[in-house]
Every structure is written in C-alpha cells, then in structure tokens.
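Reviewing the structure listed below.
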Amino acid sequence: MSDAILVTRSSRHAVLTLNRPEKRNPMPYRPGDGMRAALDELARDPAVRAVVVTGAGKAFCSGADLEALREMQGATAEQNRADSAAVRAFFEYLRAYPKPLVGAINGPAVAGGVGLALLCDVAIGCEHTRFCLSEVRIGFVPALVSEYLVHALGERAAREMMLAARWVNAEEARHLHLLHELVPSEGLLARAGERAEAFAELSPEAIRRTKQLLFETAGLPLHQALERAELANAEARQTPDCYEGIRAFLEKRSPRWSV
C-alpha cells in the first residue's frame with residue numbers, strides 16, 4: 001500500500017487517511033495512489049463495517065497537485081481524455097462503494113476534494129472545514145464534480161459556488177447540506193468514529209443493497225427507477241438478513257447478521 005494512504009482499524013470500522021500533508025493531500029484518483037487498493041481490501045474484510053475518510057495535517061483534500069497541473073499543460077488530447085476518465089472512474093467507484101463512507105472533513109476541501117467529500121455517505125466538519133471549487137480561477141472547469149454538486153445542492157446553489165470560485169465556510173456548508181454535522185475540531189475523528197460504529201449495528205447486506213439501488217437509479221426517469229426499486233424490494237425480502245431482522249424484531253432482541 002502507498003505511504004500516501006494510511007489505514008488504521010478501530011473496533012468495527014477503519015480510518016483511511018490521505019497522508020500527503022506537505023501537499024495538502026492531493027486527490028488520490030490514480031491506481032498508484034493507493035486509495036482504491038486500500039478500499040478494496042477494506043471492502044473484503046467482514047470485520048470492517050464502515051470507513052472514515054480524513055486528511056493528515058491541516059487539509060482534507062486539495063484536488064490536483066502542482067505536478068498534475070504541470071503534466072496537464074503538456075498532455076495530448078488522448079492523455080487528457082484518459083486522465084479525465086480516471087477521475088470519473090474513481091468517483092463512480094466511491095459512489096458505488098458497498099460500505100458506508102464517513103467523511104471527517106478536517107480542513108479545506110478544494111476542487112476534486114469537494115467531490116471526495118460529496119461522495120462520503122456522511123460528512124462531518126469542524127470550524128476548520130472549508131470548501132472551494134477553484135477551477136475557474138486557473139481557466140479550468142469543475143466538470144466532473146459539478147454533476148455530484150448539482151445533485152446534492154440543486155442547480156442554483158451549485159451554479160453560484162462553481163462560477164464564483166469562492167470559499168464556503170463550515171457554517172454555510174452545513175446550511176447548504178455539504179455537511180451533515182459540525183463538531184469542534186478536537187472531537188471530529190471521535191464523532192466520525194461514532195457514526196461509523198453506528199453503522200455496525202445495521203445489516204451490512206441491506207446497506208450494500210441500498211447503496212447499490214441509489215447508484216443504479218440515479219438519473220433514471222421515475223418509472224424506470226420505480227421498476228428497479230420494485231425488484232430491489234422483492235429481492236430483499238428473501239435475504240437471510242431480512243429473515244433475521246424480522247425475527248429479531250418480533251422476539252425483541254438484537255439481530256445476528258449474516259456477516
């Protein structure tokens with residue numbers, strides 16, 4: 001695993017830390033950056049029921065680093081398309097990840113770092129948390145992040161944020177629903193851990209199926225989304241976790257999930 005990614009385990013969750021604080025934790029979307037390999041390993045580990053994502057040092061994630069920006073200037077059209085496809089694939093991988101991702105947004109999230117925060121199922125911030133889509137400042141377009149931002153905020157709020165390239169502080173981010181919670185910085189990781197541990201009480205199979213349904217129905221016309229939801233409803237009724245959950249509810253006891 002790359003030194004740029006640190007993974008620690010705590011009870012029934014893991015903490016994945018972007019570990020390039022000297023560069024404000026660039027977005028690790030390339031295969032060699034290590035984040036996808038680490039997440040693959042955690043997805044296979046039945047003892048890990050949720051993953052906390054955070055950044056080392058004072059930043060959460062800075063988006064592209066200076067080396068990537070320099071490479072962009074000399075790249076061919078084919079190389080630029082391939083790199084853009086890699087960012088898209090990384091975002092789609094995070095959105096479809098089978099276990100809950102809890103973002104501990106410890107500091108600034110910039111450009112692609114905003115996308116990383118948005119793709120966490122739960123995002124918790126502190127007084128140091130800030131967001132900025134800074135791309136238009138350097139003549140670039142926040143293209144891939146825009147799709148997730150519009151989906152999360154609505155077009156009007158997303159439009160202003162992308163075009164103005166201004167900083168959004170933690171309080172405004174909470175108001176815009178970029179963050180689900182705000183806590184003091186000294187309690188950020190502890191609170192993220194609490195949220196991650198809470199997922200461990202729930203059915204991992206039901207969580208996986210729910211995330212899969214959300215991924216598969218995003219953007220579909222209503223009738224098509226409902227067709228897929230109807231199938232998901234029927235299939236879920238026949239899973240061991242559903243049988244166990246109903247029995248546990250009727251017997252007034254805690255469920256014993258299959259994983």
Discussion item. Please determine whether any residue of the range 151-166 is under 24 Å from E22 (Cα atoms) and assigned by TED's automatic domain parsing to the domain that holds A14.
Written reply: yes
Item to complete: Search the range 1-33 for residues being in contact with a Gly (Cβ under 9 Å, 6 or more places away or on another chain) and in a strand (DSSP E or B), and hand back the single one that is farthest from L116 (Cα to Cα).
Response: S10
Discussion item. Condition (residue is surrounded by 15 or more Cβ atoms within 10 Å (Cβ to Cβ), in the same structural domain as A68 (by TED's automatic domain parsing) and in a helix (DSSP H, G or I)) applied to the range 98-108: is it met by at least one residue?
Written reply: no
Fill in: In the range 186-203, residue nearest to W257 (Cα to Cα) [restricted to those that are in contact with a strand residue (DSSP E or B) (Cβ under 9 Å, 6 or more places away or on another chain), modelled with pLDDT of 95 or more and among the aliphatic types (A, V, I, L, M)]
A198
Worksheet entry | For I246: the one exception among (1) in contact (Cβ under 8 Å) with a residue 12 or more places away in the chain; (2) surrounded by 12 or more Cβ atoms within 10 Å (Cβ to Cβ) | (1)
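Is one or more of the residues making up the range 130-153 without any contact (Cβ under 8 Å) to a residue 60 or more places away in the chain, farther than 23 Å from V87 by Cα and surrounded by 15 or more Cβ atoms within 10 Å (Cβ to Cβ)? It would help to see each step written out before you state the result.
So the first thing to find is which residues in the range 130-153 are without any contact (Cβ under 8 Å) to a residue 60 or more places away in the chain, and the list is 130-133, 135-137, 139-143, 145-150, 152-153.
Adding the requirement that they be farther than 23 Å from V87 by Cα leaves none.
No.
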Item to complete: Answer yes if at least one residue in the range 43-60 is buried (at least 17 other Cβ atoms within 10 Å of the Cβ), of a type in the set (F, W, Y) and closer than 24 Å to G187 by Cα, and no otherwise.
Response: yes
Discussion item. Could you check the range 185-215 and list, in sequence order, the residues that are within 16 Å of the chain's Cα centre (by Cα), crowded, with 17+ Cβ neighbours inside 10 Å and of a type in the set (A, V, I, L, M)?
Written reply: L189, A192, A196, I207
Item to complete: Taking only the range 67-76 into account, find how many residues are aliphatic (A, V, I, L, M), free of Cβ contacts under 8 Å to residues at least 12 places away in the same chain and under 18 Å from P142 (Cα atoms).
Response: 1
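For the range 61-81, give me the residue count where each residue is surrounded by 19 or more Cβ atoms within 10 Å (Cβ to Cβ) and of a type outside the set (S, T, N, Q).
Of all residues in the range 61-81, those surrounded by 19 or more Cβ atoms within 10 Å (Cβ to Cβ) come to 61-64.
Among the residues that remain, those that are also of a type outside the set (S, T, N, Q) are: 61, 63-64.
Total meeting the criteria: 3.
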Worksheet item: Limited to the range 3-34, what total is found for residues that are under 15 Å from A109 (Cβ atoms) and of a type outside the set (D, E, K, R)?
Response: 8
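Mind listing whichever residues of the range 216-232 are under 19 Å from P98 (Cβ atoms) and of a type outside the set (A, V, I, L, M)?
The answer is E216, T217, R228.
Quick check on E216: is it assigned to a helix (DSSP H, G or I) and either farther than 30 Å from A47 by Cα or not small (G, A, S) (or both)?
Yes, satisfied.
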Discussion item. Let me confirm something: among A206, A218, which residue is at pLDDT below 95 and small (G, A, S)?
Written reply: A218
Worksheet entry | Residue check, L202 under 23 Å from A248 (Cβ atoms), part of a loop (DSSP other than H, G, I, E, B) and not charged (D, E, K, R) | yes
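The values are calculated or read from the model by the stated rules, or taken from the named source; none is laboratory data. Since the model is a prediction, treat every value here as computed from it, not as a measurement. Virtual Cβ from ideal backbone geometry, glycine too; neighbours counted across all protein chains shown.
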